[in-house]
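Below is one structure, written out as structure tokens; the observations come after it.
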């Protein structure tokens, strides 16, 4: 590693080697060569000839295939300094290794044939890796939700105490959003199409010349290239490039995942403040340089931090798509080189962090129960009132008494720092006709969580289980956090 120049933290700190390879020069330029082979093979198989002789031979194809992976980068870089064109530099470098095939490399194509088709291939592979990690995050959340489906906890609306839920039910809310993201990802992944070989303005004019105007033969070119590169289709129409709206759709998927991860990480950070749930904290980990006792939720904070980056990054391809002129301009290129890879590298780091955090979440049930019990008397008042009415009390009068006593108990807690004594106040009020023992029987937290445990079971069975069954081959991923 060089210490005298900028290195992206996405590579050094956050993204996995697997995702980094997908956006590496090796992946890019070997794909260029595979595309040149696919084009040459297609032209040969379709009988491209001149004066009755084949223009492309199997010997040339074999030569091209022999040098797919041993890219002579030094030759390409030296050539690019001369001609200022990356595609033609690599055509030249490939030709140096393949002298017999040099004259037929890139025949009939424009630069976007290799550039744009490679971008689609790379994004497709990156989406597959994102999908694998997303499925595993859902699986880990499902395990957590099932384990704690019956653990009552204080719920919050507006971050104010509200009717209880369970720890597991809260986790299903996180999982559900990731499931929504997976639905969106699957749809976009299923619609990814290659550009094919459309020519300088998308009209395939060069192939009219090559194949002497044979429309039927020209119609076979794109489907054959698509099949050779592992795709079902090429886009039906294009300018010189594939529509940059494709990049927008892809980055919106990443932004959606980032939003889900951000929401989950925020909840975990708040719960860690409450000392109810805590992210993994390693034995030698330091929480603060000054305060040795601190256990900061740094992984969840990092999820939030990177997620904001991805959500904002999605604006780049949207604006680029909106501002393309006619059949193409080149103001997309520099932006795409940044926004697409870095969006994927960041979401890769986010999902690894999510896997790590969810897999190691610590639940402090005693703290959870203590906080819940401190608020439960307020939430039990409706049940207490109903019981008192059954014993002959007046509902309206009892409602007013509970309101007054709740205010008094609240004052004791907030102003005097005392324990919540609402039950004692009610037991001492003859209007209710209930003693403290009767009232304490109503304090079973499980009575106030509604259908939360059943909802967890139904969600895991009806929503998550089919996802995990369908994607069983993707399960088993573990995440390694660099720092």
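The values are calculated or read from the model by the stated rules, or taken from the named source; none is laboratory data. Bear in mind that the values here come from a model prediction, so they are computed numbers and not experimental data. Cβ: placed from backbone, ideal geometry, glycine included. Neighbour counts: every protein chain shown.
Per-structure values
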read-out: Condition met for residue 416 (assigned by TED's automatic domain parsing to the domain that holds residue 377 and either assigned to a helix (DSSP H, G or I) or in contact with a strand residue (DSSP E or B) (Cβ under 6 Å, 6 or more places away or on another chain) (or both)); value: no
read-out: Filter result (outside any helix (DSSP H, G or I) and touching a residue at least 60 places away in the same chain (Cβ under 8 Å)) within the range 10-54; value: 15, 16, 23, 46, 47, 48
read-out: Scope the range 59-100; condition part of a helix (DSSP H, G or I), surrounded by fewer than 17 Cβ atoms within 10 Å (Cβ to Cβ) and touching a helix residue (DSSP H, G or I) at 6+ places or on another chain (Cβ under 7 Å); matching residues; value: 65, 83, 96
read-out: Helices (runs of 4 or more DSSP H) wholly inside the range 435-483 containing at least 1 residues that are under 16 Å from residue 171 (Cβ atoms) and in contact with a helix residue (DSSP H, G or I) (Cβ under 6 Å, 6 or more places away or on another chain); value: 452-459, 465-470
read-out: Subset tally (residues that are under 16 Å from residue 38 (Cβ atoms) and either modelled with pLDDT under 95 or touching a helix residue (DSSP H, G or I) at 6+ places or on another chain (Cβ under 6 Å) (or both)) for the range 123-140; value: 0
read-out: Residue under evaluation residue 328, criteria (1) closer than 22 Å to residue 124 by Cβ; (2) modelled with pLDDT under 95; (3) not in a loop (DSSP other than H, G, I, E, B), criterion not met; value: (3)
read-out: Of the criteria (1) within 29 Å of residue 167 (Cβ to Cβ); (2) part of a loop (DSSP other than H, G, I, E, B); (3) in contact with a helix residue (DSSP H, G or I) (Cβ under 6 Å, 6 or more places away or on another chain), which one residue 431 fails; value: (1)
read-out: Residue match in the range 337-360 (condition: buried (at least 19 other Cβ atoms within 10 Å of the Cβ) and not in a helix (DSSP H, G or I)); value: no
read-out: Residue in the range 421-444 that is within 30 Å of residue 280 (Cα to Cα) and buried (at least 18 other Cβ atoms within 10 Å of the Cβ) present; value: no
read-out: Some residue of the range 453-467 being modelled with pLDDT of 90 or more, in contact with a strand residue (DSSP E or B) (Cβ under 8 Å, 6 or more places away or on another chain), surrounded by 11 or more Cβ atoms within 10 Å (Cβ to Cβ) and farther than 20 Å from residue 385 by Cβ; value: yes
read-out: Single condition residue 397 does not satisfy, out of (1) outside any loop (DSSP other than H, G, I, E, B); (2) touching a residue at least 24 places away in the same chain (Cβ under 8 Å); (3) surrounded by 15 or more Cβ atoms within 10 Å (Cβ to Cβ); value: (3)
read-out: Residue in the range 372-380 that is crowded, with 18+ Cβ neighbours inside 10 Å, assigned by TED's automatic domain parsing to the domain that holds residue 275, closer than 30 Å to residue 142 by Cβ and touching a residue at least 60 places away in the same chain (Cβ under 8 Å) present; value: no
read-out: Leading residue by the ranking (nearest to residue 110 (Cα to Cα)) among those in the range 47-58 that are surrounded by fewer than 18 Cβ atoms within 10 Å (Cβ to Cβ) and touching a helix residue (DSSP H, G or I) at 6+ places or on another chain (Cβ under 9 Å); value: 55
read-out: Qualifying residues in the range 100-114 (those that are farther than 19 Å from residue 209 by Cβ and touching a residue at least 12 places away in the same chain (Cβ under 8 Å)) - the one farthest from the chain's Cα centre (by Cα); value: 100
